[in-house]
Every structure is written in C-alpha cells, then in structure tokens.
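Here's the structure we're looking at; comments come further down.
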Amino acid sequence: MVIVMKPTAKKEDIEALANQFRAMSLEVGVTNGIDCTILGLVGDTTTLDVGKISIDPNVERVMRVQEPYKKANRKFHPEDSQVTVGSATIGGGCFSVIAGPCSVESEEQVIGIARDVKRAGAGLLRGGAFKPRTSPYSFQGMGAEGLDFLLEAKEVTGLPIVSEIMSPRMVEEFERKVDIVQVGARNMQNFDLLKEVGRISKPVLLKRGLANSYEEWIMSAEYIMSEGNENVILCERGIRTFETFTRNTLDVSSIPAIKKMSHLPIIIDPSHAAGMSWMVEPLAMAAIAAGADGLMIEVHNDPPNAKCDGQQSLTPAQFTALMKKVTALVDLCGKKLVQ
C-alpha cells in the first residue's frame with residue numbers, strides 16, 4: 001500500500017502515522033520528495049481501511065498495490081485448486097457437470113431426473129428446495145421436504161447433492177444433508193451468510209451477483225475462505241445488462257479473467273444466463289472453449305409444466321444429446337470429464 005502525504009504535512013505528523021502502521025507489524029518505508037512524502041507499507045494490509053486512512057487531514061491519497069484478497073489470489077496460490085465431492089472433481093484440469101431440476105417438485109420427479117442425468121454423464125445432482133423468487137406469489141420450493149427428496153435421489157443414484165441455501169439459520173441442516181452448498185446470486189454479498197458457510201466442512205458454490213464486478217465476487221469468496229473453508233467454486237450465471245432479449249447476459253470473458261485473478265475453479269450456468277432452453281447448448285460450448293471447469297444445467301422431465309423456470313430447462317433427451325457434445329469438446333480442450 002502506498003500513502004501520499006500532503007505537502008503541508010509536518011514531519012512529526014508523518015512519523016506518528018508511520019509508527020501507527022509499525023505497531024501493526026507492517027514495515028514502513030518513508031520517501032521524502034520535493035513536494036510530498038510517500039509512505040510505502042509492506043506486509044498484510046488486507047485489514048486496513050482505505051477510507052479511514054484517507055480521513056487523516058495530512059493524507060493526500062491512498063493506493064493499494066495489490067488486490068485486497070489474499071486467500072483467493074492467484075499470486076499466492078499459482079496452481080489451480082480442485083474441489084472433489086464423491087467421484088466428481090471440479091478444477092485443476094477436471095471437468096464436472098451438475099444437472100437437475102430448478103426446483104424439487106416431488107420424490108418421483110427428482111429421482112427420475114437424477115437417474116436420467118447420471119445415465120447421460122452428470123457427476124452431481126442439483127435441485128432447489130428453497131427458492132428465492134422475484135415475486136412473493138411464485139413457487140418458493142418444498143423446503144426441508146425437498147432436501148429429503150434429494151437425499152433419496154442420492155441414495156438411489158449415488159450423485160452428490162447441490163442445493164441453494166437462503167439463510168444462516170439453515171446452515172446446520174445443509175451441512176448434514178447437502179454435499180455442495182450453493183450461495184445464490186442474490187445472496188452473494190449476504191456477508192453474515194458467507195461467514196456462516198465459511199465455518200462448515202462442505203464445499204461452497206458461490207454464484208456471481210446480478211451486477212457485481214470480478215473483484216467483488218472474489219472478495220465474497222474471500223469472506224468464506226477467511227473463516228476456514230477454502231473449498232469454494234465460483235459460478236458465472238449471467239449478469240444484468242441493457243439487453244432484454246435474454247434473461248441475463250452470459251459474461252464468457254469472466255472465465256479467463258477469473259483464471260488470471262484467482263486459483264478457484266469456475267463453472268458456468270448457461271440455463272440462468274440465457275433463460276431459454278435453445279440457447280443452453282451454444283453457451284455451454286462457448287464456456288468449455290473459454291476454459292470453464294464445469295457446467296450447471298437445469299433438466300426437467302416436463303418443462304411446460306415445471307413450477308419454476310421451465311422455459312430454460314432441457315428435457316432428459318436434450319440433456320443426453322448435449323452431454324455427447326460436451327464430452328467431445330472437454331476432451332478436445334485437454335480436460336478430463338469426471339462423473
């Protein structure tokens with residue numbers, strides 16, 4: 001971190017500020033220029049509040065030399081991280097597909113879809129038991145009963161479960177029942193929730209917010225990792241732009257950008273990005289070509305009558321056809337499809 005002092009700052013004031021930082025176990029280099037003095041801080045500056053430092057009447061401006069995230073930073077962890085759940089692995093050259101219904105609607109429905117997606121090559125089962133909906137009158141999910149149906153599907157197929165958590169009070173139940181805990185786009189900056197899932201032993205799948213920058217997204221991952229849980233998977237699900245043709249706009253450039261910034265695996269959710277089933281395949285192919293570590297795809301046995309997001313869901317037959325192309329392209333891109 002670099003702190004530029006005002007030309008009017010007195011020598012004793014500069015030294016007093018430098019000593020404050022030294023007391024925090026930081027090394028402080030003082031450079032005296034013609035018109036100003038510069039303090040160079042060396043050490044872990046992640047806990048320093050730039051705003052508070054800027055309030056000092058003797059400070060002209062404050063600049064970070066490195067990103068404010070450390071645990072998720074590629075600079076401090078140059079090799080790709082892997083997250084393994086059951087027989088599926090995401091990251092580090094391994095590619096896995098998460099598939100299943102947007103929401104669990106019945107025991108028969110979720111078990112049937114689980115069988116279909118496993119047969120097609122999916123490595124994990126997704127299913128929403130608690131659903132965050134824009135309208136309070138829309139289907140909100142089956143709740144705890146939905147999680148129990150997912151557990152039954154897991155027992156039948158062996159597929160690990162991915163499901164979205166809505167509140168910190170649900171953490172204990174999710175840790176018992178779910179294999180990967182998903183934090184949705186609307187909760188990406190629910191910091192109380194991030195801290196709680198950071199204390200559990202299960203991996204966390206963190207979706208990017210509707211209008212958040214890469215750094216904000218990684219900083220949310222840092223919240224989780226700072227509490228001890230470093231098994232974090234990032235998920236790009238499309239962001240809100242001026243375009244209204246699609247539900248969201250898939251930011252394919254996020255894949256190479258995140259790969260440069262962070263060592264965490266990144267997967268793509270083309271279903272939510274497009275909001276239309278016919279666009280899922282081309283977006284999935286683009287994501288693989290750009291270097292994604294996995295996909296999360298919605299599959300429903302009867303999309304026209306789905307209680308949630310049927311318009312973006314593939315039928316089991318469509319998913320099977322897609323997986324044949326996914327398998328070929330993943331291999332062509334030098335990654336291993338893990339089921």
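The values are calculated or read from the model by the stated rules, or taken from the named source; none is laboratory data. The model shown is predicted, which means the values in this text are computed figures rather than measured ones. FYI the Cβ positions are ideal-geometry reconstructions off the backbone, even for glycines, and counts take in every protein chain you see.
Let's see how each residue does on (1) among the aliphatic types (A, V, I, L, M); (2) crowded, with 19+ Cβ neighbours inside 10 Å; (3) in the same structural domain as PRO304 (by TED's automatic domain parsing); (4) touching a helix residue (DSSP H, G or I) at 6+ places or on another chain (Cβ under 9 Å):
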residue: PRO101; (1), (2), (3), (4): no, yes, yes, yes
residue: LEU147; (1), (2), (3), (4): yes, yes, yes, yes
residue: LEU150; (1), (2), (3), (4): yes, yes, yes, yes
residue: LEU159; (1), (2), (3), (4): yes, yes, yes, yes
residue: GLU164; (1), (2), (3), (4): no, yes, yes, yes
residue: ILE180; (1), (2), (3), (4): yes, yes, yes, no
residue: GLN189; (1), (2), (3), (4): no, no, yes, yes
residue: LEU193; (1), (2), (3), (4): yes, yes, yes, yes
residue: GLU196; (1), (2), (3), (4): no, yes, yes, yes
> Is it the case that some residue within the stretch 297-309 is of a type outside the set (Val, Ile, Thr), assigned by TED's automatic domain parsing to the domain that holds ALA122, out of contact with any Phe, Trp or Tyr (no Cβ under 8 Å at 6 or more places or on another chain) and closer than 26 Å to THR84 by Cβ?
Replying inline: yes
Reported set for the stretch 108-138 where residues are of a type outside the set (Lys, Arg), surrounded by fewer than 16 Cβ atoms within 10 Å (Cβ to Cβ) and either part of a loop (DSSP other than H, G, I, E, B) or modelled with pLDDT under 95 (or both) is PRO132, THR134, SER135, PRO136, TYR137, SER138
Residues of the stretch 273-286 being touching a residue at least 40 places away in the same chain (Cβ under 8 Å) and buried (at least 24 other Cβ atoms within 10 Å of the Cβ), in sequence order, are VAL280, ALA284
In the stretch 205-228, residues that are surrounded by 19 or more Cβ atoms within 10 Å (Cβ to Cβ) and polar (S, T, N, Q) total 1
Could we say that LYS52 is charged (D, E, K, R), in contact with a Ser or Thr (Cβ under 7 Å, 6 or more places away or on another chain) and surrounded by fewer than 19 Cβ atoms within 10 Å (Cβ to Cβ) here? no
Residue set ARG176, ARG119; condition over 22 Å from LYS207 (Cα atoms), out of contact with any Cys (no Cβ under 8 Å at 6 or more places or on another chain) and not β-branched (Val, Ile, Thr); output residue ARG119
Checking PRO270, PRO303 in turn, the sole residue that is within 15 Å of the chain's Cα centre (by Cα) and either surrounded by 19 or more Cβ atoms within 10 Å (Cβ to Cβ) or of a type in the set (Lys, Arg) (or both) turns out to be PRO270
Pairing a residue in the stretch 186-212 that is assigned to a loop (DSSP other than H, G, I, E, B) with any residue that is aliphatic (A, V, I, L, M) and modelled with pLDDT under 95, where Cβ atoms lie under 6 Å and the two sit 6 or more apart in sequence or on different chains, gives none
Those residues of the stretch 79-98 which are outside any strand (DSSP E or B) and closer than 19 Å to GLY334 by Cβ amount to GLU79, ASP80, SER81, GLN82, GLY92, GLY93
The condition from (1) under 21 Å from the mean Cα position of the chain (by Cα); (2) under 25 Å from SER271 (Cα atoms); (3) of a type in the set (Ser, Thr, Tyr) that THR157 misses is numbered (1)
All-but-one check, GLU172 against (1) surrounded by fewer than 24 Cβ atoms within 10 Å (Cβ to Cβ); (2) under 13 Å from the mean Cα position of the chain (by Cα), failing number (2)
**Message:** Taking the criterion of being assigned by TED's automatic domain parsing to the domain that holds ALA274, more than 22 Å from SER277 (Cβ to Cβ) and surrounded by fewer than 18 Cβ atoms within 10 Å (Cβ to Cβ), would at least one residue in the stretch 239-251 satisfy it?
**Reply:** yes
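Only residues that are without any contact (Cβ under 8 Å) to a residue 60 or more places away in the chain and of a type in the set (A, V, I, L, M): list them for the stretch 323-339, please.
ALA328, LEU329, LEU332
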Going through the stretch 161-173 in order, the residues found to be within 17 Å of ILE98 (Cα to Cα) and touching a residue at least 40 places away in the same chain (Cβ under 8 Å) are VAL162
Expected output for the stretch 144-160 (first residue part of a helix (DSSP H, G or I), partner β-branched (Val, Ile, Thr), Cβ below 6 Å, 6+ apart or cross-chain) is GLY146/VAL104; PHE149/VAL104; PHE149/VAL110; LEU150/ILE161; ALA153/VAL110; ALA153/ILE111; LYS154/ILE161; VAL156/ILE111
